[in-house]
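The structure appears below as structure tokens.
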Amino acid sequence: MNDSAPASPARPVLDVWCELQCSDCGTALEDLHALRERYGDRLELRLRHFPLDKHKHAYAAAQAAEEALDQGQGWPFVEAVLARVAEFDSAGEQVLLDVARELGLDAEELDTALIDGRHTLIVDADQAEGKAIGVTGTPTYVIDGERLDGGQSQEGLRERIETIVDRLLAA
């Protein structure tokens, strides 16, 4: 006999392969906000890092995002950096520290994390997994084993994601 309550069904997970120097990822935030509004906590949005070689500061930004997550502000940090892509392109890693301060994060600890590389394994693992499943650009979404490439066009992607989520929630 088991006295524990039955486990609730797992909520669908949308992996969002993102790069914080990518203007398309900034544009994709509108869709992510709409998905959050529609599904709330019934859908898990999971940030996955895919820094592109063509962006000089992308790898540091991915590490900084992980440190912001450790400090309880992962998504707010990601959104704030993506809102400043042009400034980030020109000013570099100082923008990461400025955003951290603006969000009330420990910017010195974030800077230390960039120096000591404590989050490199997470970023490297995400990037390797992305390559293994065919991610070539950002944003790319993966839900229920289906990869949707937003780097080419985001047209219709939110509707496709909603169809999949609705099906998973109904199951």
Estimated FRET transfer efficiency (Leu52, Asp106; beta-carbon r; R0 30 Å; 0.05): 0.60
Computed magnitude of the charge dipole of the range 55-114 (debye, nearest 20; Cβ of K, R +1, Cβ of D, E -1): 220 debye
Spin-label pair Thr136/Arg84, simplified geometry with 7 Å Cα→Cβ offset, distance in nm: 3.3 nm
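Of the peptides 29-36, 164-171, how do they stack up when ordered by the mean number of other Cβ atoms within 10 Å, highest first?
Ranking the peptides 29-36, 164-171 by packing returns 29-36, 164-171.
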Karplus-derived HN-Hα couplings along the range 117-134 (A = 6.51, B = -1.76, C = 1.60, θ = phi - 60°), whole Hz, x at Gly and Pro: x, 4, 10, 5, 4, 5, 5, 4, 5, 4, 4, 5, 5, x, 4, 5, 9, x
Contour excess over end-to-end distance, with Cα ends at Ala125 and Leu169 and 0.36 nm allotted per residue: 13.0 nm
Calculated FRET value between Arg38 and Ala10, using beta carbons and R₀ = 25 Å, to 0.05: 0.85
Antiparallel bridges, percent of DSSP beta bridges restricted to the chain (to nearest 5): 55 percent
CD proxy at 222 nm, helix term only [per DSSP H run n ≥ 4: -39500 (n - 2.57); per residue of the chain; nearest 500]: -16500 deg cm²/dmol
Computed Kirkwood radius, in angstrom, where 1/r is averaged over Cα pairs of the chain: 16.8 Å
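No lab work stands behind these numbers, since they all come straight from the coordinates. What you are looking at is a predicted structure, and each value in this text was computed from that prediction instead of being measured. Every residue, glycine among them, receives a Cβ derived from its backbone with ideal geometry; neighbour counts consider all protein chains shown.
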